[in-house]
Amino acid sequence: MQRGIKSLGVVAAALFLLAGSANALPPLMDRIPADAVLSIVVTNPTALEASVKKAAASMGVPADEMNLEAIMQIFGIADSVKTDSAVGVVVKLPVTDADGNELPEELRNAALLVPVKDFNAFAKALGGDGVAELQSITTGDGQLFAKNIGDGYAAVSKNKDFLTTFKGEKGQLAAHSARVSKGANSVADGSDVVILVNMETGREAIQDGLKRQRLEMKNNMAAMGGDPEAMAPLNAFIDSFVEQSRSLVFGLKLDDVGTSADAVATFTDATTFAKIASASGKTSELMSRLPKADYVIAGALDVSSEPLRAYLASLQPEGAGADPMQLAQSLKTMKGASFSIGFNPGGIMAGILTRTVSFVSSADPDGAIKNLQASFVKMTDAKLATAKYTPAKTEVNGVKVDDYEIRLNLKDGGPGTAQAMMFMFGPNGGPAGYIAKTEGGYLQTYSRSSELMGQALSTKAGSSLSSDEQVKSVSAKLPEGRVAELYIGPKAIMNSATPLLTMFAGASPDYTPSDTIPPIGLAIAPAGGGLRATIYVPHATVRSISEYSKAVQSAMNPDGEPMGEPEPAENAKPADKKPSKPKF
């Protein structure tokens, strides 16, 4: 193999995949300019290689080809690169031209920081002469430039002008650290990959990009007859988030049983989001009001903090006829809510939401129910729906429960809307069910199921969804003080998907999901001056999803014939077997 044409792309990919653990903000950040809009650091790939293989094995993912030493040998840099030291990426503005178009690679102010034992040997292995201050290297997709920045590091970039002036001087860590909260540091500590977005530097560029994106979306929605103002609350949230945040820190960490991805936003002191991030929640208590049962999705939101309630209320529309759901009024006494979309054995014909139960926590349960009744009147008056509410219509477990029914106005929804509503709510074609006042709030079902309401009314600490062993195993991996949490139930999703595959594809996968498949967990929680979002994916869940996917493929292609491969063209020339040049 020729050694003159080598690419650093594979080297970078290998180092990213096999990242080590970080200690708060990684020390390599000291070499990344303080005004960089994006910084990425990974550390100690050698130490993590065994962990990556172990995780892959537990997920049922082939890992035989994960061999960092072999990759280094193939590219001739095994003797010149330190695979047990941190590698980094630095990106500075601008990243687009004046019209918002992405800059070509050779004009991007970006560089890869590679730990080297011997820069001259490293440069020669990639095709340079090892003599010039700025090494020029020919790759499969253009020129690459490398530079020795001292203290065992090389900087590599496609932008010659940027690399010429790039120094990678020490003394930058303090400026980076000043932008991140203690919570962000705790995420960086122990993470395998750490990403820092400098919002103070990138804010103007991000805002310009959002303006262009929204203008394009507005034109598209207008062309399709949509209402551009429907996006106003979401746009207001994004604008506030961008304006008030100082930094974003992302961390990725693998342990023996799962993979965790975290993001922490640090906000400017005394801003709305900083106040929201100062109050912890108790979503686990809200989850404990739900009955234990197979679920597709279950979650909870704690709005007990005044800053969060005030902010959510500010997003609601104002004026006559606005806010028909009475959300702003509800938030005055609401403490939080939880819900579970249960598995429905009847499938879509019975309504995928008809096994849904929710709990609303309120400081004034009677007032909350009256407000709900008022929302039914407002929906009917606004001709959004025909809504009926009948107090104390029936009795479940010795408790008088109210009955409600909502028939949405679908005349402008198109021919498929009514069918979609039937898929969601069954033959009723809209939400209908029971509401019961209970301790600290009220319970609501989305079907007239005495069984489901009875389970909810009789739920105790040991029979709640939060006491489920699989939910507990995942919630233990999520941050404390959660204000929001969500669980995705793979078993119920697989059991819901199988009848659909049988109905629409004529294929019935030969697979029975285990009762012990843990859910995928998501959470939002305050984190030492910041707001943290976490996604936790258990390896056993990935394995189960992979096994189910294989069962689906086998059912749809029982003869095992190749799917989707094109027929060879007549007189087609044999494929060129020569290896292509590696690309950066």
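Quick notes
- When residue 366 is tested against (1) under 21 Å from residue 303 (Cα atoms); (2) surrounded by 13 or more Cβ atoms within 10 Å (Cβ to Cβ), exactly one condition is not met: (2).
- Selection of segment 422-447 for residues being out of contact with any strand residue (DSSP E or B) (no Cβ under 6 Å at 6 or more places or on another chain) and either of a type outside the set (Phe, Trp, Tyr) or in the same structural domain as residue 183 (by TED's automatic domain parsing) (or both) yields 422, 424, 426, 427, 428, 429, 437, 438, 439.
- Verdict on residue 127 being among the small types (Gly, Ala, Ser), under 25 Å from residue 170 (Cβ atoms), in contact (Cβ under 8 Å) with a residue 60 or more places away in the chain and assigned by TED's automatic domain parsing to the domain that holds residue 199: no
- Counting residues in segment 496-512 that are at pLDDT 95 or above and within 16 Å of residue 342 (Cα to Cα) gives zero.
- Enumeration of residues in segment 171-212 that are basic (Lys, Arg) and assigned to a helix (DSSP H, G or I): 182, 203, 211, 212
- Failed item, numbered, when residue 264 is tested on (1) outside the structural domain of residue 516 (by TED's automatic domain parsing); (2) modelled with pLDDT under 95; (3) of a type outside the set (Asp, Glu); (4) in contact with a helix residue (DSSP H, G or I) (Cβ under 8 Å, 6 or more places away or on another chain): (2)
- Matching residues, segment 155-186, being hydroxyl-bearing (Ser, Thr, Tyr), in contact (Cβ under 8 Å) with a residue 12 or more places away in the chain and surrounded by fewer than 21 Cβ atoms within 10 Å (Cβ to Cβ): 164, 177, 186
- Counting only strands (runs of 3 or more DSSP E) that sit wholly inside segment 377-458, those with at least 1 residues that are surrounded by fewer than 18 Cβ atoms within 10 Å (Cβ to Cβ) are 385-396, 399-408, 432-438.
- Residue 293 being more than 30 Å from residue 206 (Cα to Cα), touching a residue at least 40 places away in the same chain (Cβ under 8 Å) and in a strand (DSSP E or B): no
- Enumerated helices (runs of 4 or more DSSP H) restricted to segment 32-138, each holding at least 3 residues that are modelled with pLDDT of 85 or more and crowded, with 20+ Cβ neighbours inside 10 Å: 119-125
- Being free of Cβ contacts under 8 Å to residues at least 60 places away in the same chain and of a type in the set (Val, Ile, Thr) is a property that does not hold for residue 201.
The values are calculated or read from the model by the stated rules, or taken from the named source; none is laboratory data. It should be emphasised that the depicted structure is a prediction, and the values quoted were computed from it without experimental measurement. Counting neighbours? That spans all protein chains shown, and the Cβs are built from the backbone with ideal geometry, glycine included.
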